[in-house]
Amino acid sequence: EVHSILEVKQSLDFVRGARTIDDGLSDYVFETPYAPDVSALASSLREGVDVFLIEVSDSKQFCFGDVIFQQNFFARQFVRRHGELMLPWFRSMTRGQAPDEAMVAAILSRLPAEVDERDVLAGDILQKMRLTRSGEEEVLDTLKAMIASVGGRWIVFGAVTMENAPQAIMRDRRTLNDNLKSACEQTGALFYDPADLIAEHGKETVMDAGGANLYEWSPAFYPTVGQKLLELIGQAAPAGAKPENRGAGTSPGWTPALAQRIRVARSERINAELAAVHTPRLARLGETDSGLYAHYARLLGQNALVGPRDRTALALIENHLPDYDAYAVIRAGLGELAFLIAASGRRVIAYEPSARRRCAIEDGLEELQARGLIEPGRLTIAETLVPEGPLSGRVLGVAVDASEVRDDAAAAPHIARTSAFDGLLIDPRLFIRQRDDPADQTALIERLGGLGFTRRRDYFADRMTWLHRGSGG
């Protein structure tokens, strides 16, 4: 639980191992006697975090040297523990006033003779602690530093503002939100102003105590807040993404949600055009000679030649991965994923060893080009499963379902040839051969690491893994 953006950075740096917090200060930072074990969180950071969602509700923070105290924890563990003794000092400090030496001396003289171990630093705290406020420049610099340190997509949930509330508090919160919004626009993060929730549902519903509590959500409103957070996660583009994939500061009217709607609409259009091509082909040639076989014949009957996993792969390419010069779809099938990527304006190679399916890809490509969905020359077709020699430029191999052979002996030469790629986006369970055993999937990743694909990011929800050569990309 943190309030200011500097507190967020302190927490992130602590998890990253970039800073430490002395146990003597832990009560005021974590409300625990000792600094907590964050090894599990640190491991998640190293493996790659998809989305960072932070709530920033205050521009002010309690600073003791380079350590920031959590406001509620400090009030409970230091101020309230000593009762009225600390109140005059605390009021003075929260007004931004320098500590009065006589006041500090009087407080110290009245502390119990047997000093609680938590009060060893009391004198230093009383003399040196300050209330600081982060302005526009510091908010921007802090957000930039966090994004640079861990990457990923960033969502900033701002402070709650409302009418008929103390003007000074609301004025500070609106200024904070303006600074947060500006910082998000300059970094590609997504900003959300929760005033929208107040406008839609009313403060009596949104805030605790029937709207009287300006600092806490109503517990009954938690599910609605949770749903809003899920919506934001679905909308957020990666901070630092290329301009066409960022929301703020790019083309007028662009939003991550709009980009997602465009992806869905494009995939539905391609699905419809492919269905129009392959329905008569299937009737004329049959399952085998049409190249559809039972698998695609079933999908055609379900109106699902372009499926959710194809859209997911494109979303990962657009929103999460570095740019490549070309994208190679391994075991392209009818070309559905290759078409989807090519329609987004990228250069694509469709690798498909089946001659019948290559004919199906050619027929589909001809129709999509005629409809203006794919530019001529954007997609080429290769008659192998993977490259058989060097490739021109930086190429990402993409394999949603590339299970082609039955055993390791048959898979080995194909896996070796993936060294022609600069990166891979794959489902380890269905790469070259099916691997239902997690140990087999781990062995595959290790083998690819031996080919130079040493940088890794897992997208567990999508059952996809991105691998890249070395530390670049």
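Excluding same-chain neighbours fewer than eight residues apart, the aspartates and glutamates reachable from K128 by a Cα-Cα span under 14 Å are D66, D100, E101.
For the range 412-473, what does the alpha-carbon gyration tensor say about shape, rounded, prolate or oblate, given a ≥ b ≥ c as the root eigenvalues, a/c under 1.5 as rounded, and a/b over b/c as prolate? Because a/c hits 1.5 or more and a/b fails to exceed b/c, the range 412-473 counts as oblate. With both labels modelled 7 Å from their Cα along Cα-to-Cβ, the A265 to R309 distance reads 2.8 nm.
A helix-only calculation puts the chain at -14000 deg cm²/dmol for mean residue ellipticity at 222 nm, using -39500 (n - 2.57) for each DSSP H run of at least four residues, averaged over all residues.
Cross-link reach is defined here as a Cα-Cα straight distance under 24 Å, omitting same-chain residues fewer than 8 places apart; for K228 the lysines meeting it are K9, K181, K203.
Model label sites at I169 and E185, defined 7 Å from Cα along the beta-carbon direction, differ in position by 2.8 nm.
Out of (1) 95, 49, 36; (2) 89, 82, 38; (3) 86, 49, 47, which label holds the value of Cα extents along the principal axes in Å that was computed here? Calculated Cα extents along the principal axes in Å: the matching label is (1). Shape of the range 140-240 from its Cα gyration tensor (a ≥ b ≥ c, root eigenvalues): rounded if a/c is under 1.5, otherwise prolate when a/b > b/c, or oblate? Because a/c hits 1.5 or more and a/b fails to exceed b/c, the range 140-240 counts as oblate. In the chain, the DSSP beta bridges split such that about 40 percent are antiparallel, to the nearest 5.
Normalised by the number of residues in the range 321-473, what is the relative contact order in percent for Cα pairs under 8 Å and 6+ residues apart?
Reported as a whole number, the value is 20 percent.
At what distance in angstrom do the alpha carbon centres of the range 277-311 and the range 451-470 lie from each other? Cα centroid of the range 277-311 versus Cα centroid of the range 451-470: 30 Å apart. Angle, helix 355-370 long axis vs. longest principal axis of the chain, Cα atoms, 0 to 90°, nearest 10? Roughly 70 degrees between the two axes. At R0 = 22 Å, how high is the FRET efficiency between D437 and I233 if r is their beta carbon distance? Nearest 0.05 is fine. Efficiency, rounded to the nearest 0.05: 0.10. In this structure, D407 and D13 have a Cβ-Cβ separation that, at R0 = 45 Å, corresponds to a calculated FRET efficiency of about 0.40.
In terms of the mean number of neighbouring beta-carbon atoms within 10 Å, the peptides 307-314, 280-287 order highest first as 307-314, 280-287. Restricting the calculation to alpha carbons of the range 354-473 gives Rg and Dmax of 15.7, 46 angstrom. With each label modelled as a point 7 angstrom along the Cα→C-beta vector, the E383-Q302 pair spans 3.2 nm. Projecting the Cα atoms of V15, L197, L467 onto the charge dipole of the chain, computed from C-beta unit charges around the Cα centre, puts L467 farthest toward the positive end. Could you work out how far helix 438-450 tilts from the main Cα principal axis of the chain, as a 0 to 90 degree angle to the nearest 10? For helix 438-450, the angle is close to 90 degrees.
Counting only the Cα atoms, the range 25-124 fills a convex hull of 122 Å³ per residue.
The C-alpha atoms of the chain define a longest principal axis, and helix 136-150 lies at about 50 degrees to it.
Full extension of the segment from R110 to L87, taken as 0.36 nm per residue of separation minus the current Cα-Cα distance, would add 6.9 nm.
Using C-alpha pairs under 8 Å with a sequence gap of at least 6, the mean separation divided by the residue count of the chain gives a relative contact order of 9 percent.
Taking 18 Å as the cut-off, the amide N atoms of the range 1-19 that come nearer than this to a point 7 Å along the Cα-to-beta-carbon line of Y34 belong to 15. Here's the picture: charge each Lys and Arg Cβ at +1 and each Asp and Glu Cβ at -1 in the chain, and of P33, W217, N303 the one pushed furthest to the positive end of that dipole is N303.
Each reported figure results from applying straightforward, stated rules to the coordinates on display, with no laboratory input. Bear in mind that the values here come from a model prediction, so they are computed numbers and not experimental data. Every residue, glycine as well, gets a Cβ built from its backbone with ideal geometry; the counts of neighbours run over all protein chains shown.
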